Amino acid sequence: MYIGNQSTVTEFILLGLSSDPLVQIVLFHIFLIIYMIALSGNILLMVAVRTDKRLHTSMYIFLCSLSFLDICFTSSIVPNTLVNFLLVKKTISFNGCAVQFFFSLFLGVTECLLLAFMSYDRYVAICSPLHYNMIMTIRVSLMMINMSWLASFIITFIDTCFTFTLTFCGPTTINHFFCELPQLLQLSCSDISAVSIIKVVTVPILLFIPLSLILISYIRIIATIVTIRAGKNKAFSTCISHLVVVVIFYGTAIFMYTRPEHSVTEDTDKKVAVFYTVVTPMLNPLIYSLRNKGVHKAMRRLIGAQ
């Protein structure tokens, strides 16, 4: 991807998480272990669902899509971070920064939208169980997944173009371990009002509208579960995994992208970013495999078969 601009900057310097060589070596091994767990956990979940015909339903198609997203999302950031842990000078080219920015934002936005569609899937399953198979067909599920990818691509492409047509004339040091919007806006020496306006417009669309759909869905779900005389625990257990993932993902996203630029605190931002770029993709398959009996059994059968 090439983003043209009037900048004299050809590369950025990433300060990373620490300047202590010993700490960086320790972090390298921690990040590597977490990354490998995230990859293996998500791949195992996808293979388990793919090979078990009993899981070929809308709910598990969404889970496979989420796992694929997590693999792509963490892979857009962690490998470069691992390399930088071993380097004295941590640089990333201007275009490389633009590519990383695009894919990390694109995949993160897609996950926001996908989680909202997953909440609707749970709403239909709990509140209209007799009509679930007619409403949430495989075709409808795939259409929702494709809509998530397409809408996030369009919005992210616009954000990336506006961000990287700003002028960057120095300093070039990013106090972070990857290229993210708040830190990039701090480095621009041109007017960032256009990007700020886009941020004000897109954040409600990408965060609060999907979150509102999720809240409405779960309010209806809880209201329905309360009226059920038997099987309340079973009904809610199908939703709790998704709810935990929503709280983790949206909580960190809202913290990062709803504050004014001048309130950015690098140390806190880096800690939060580590959580949603490195830790959360590892937790998602664990949460779903432990809380979802169907996935749990499929994984045990798959591991046992090997």
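Since every read-out is calculated from the coordinates, none of them should be taken as a lab result. Fair warning: this is a prediction, and the values are worked out from it, not measured in the lab.
Computed extension length for F255-F208: 15.7 nm, one decimal, from 0.36 nm per residue of separation with the Cα-Cα distance subtracted.
State the three equivalent ellipsoid semi-axes of region 29-170, derived from the C-alpha gyration tensor as the square roots of 5 times its eigenvalues, in descending order and whole Å. Walk me through the numbers before you get to the answer.
Numbers: eigenvalues 238, 87, 17 Å².
After scaling each eigenvalue by five and taking roots: 35, 21, 9 Å.
The radius of gyration of the Cα set in the chain, together with its Dmax, comes out at 20.7, 68 angstrom.
Straight Cα distances below 20 angstrom link K90 to the aspartates and glutamates E11, D20, E180, E266, D267, D269, with same-chain residues fewer than 8 positions distant left out.
Taking all Cα pairs closer than 8 Å and separated by 6 or more residues, the relative contact order of the chain comes to 30 percent.
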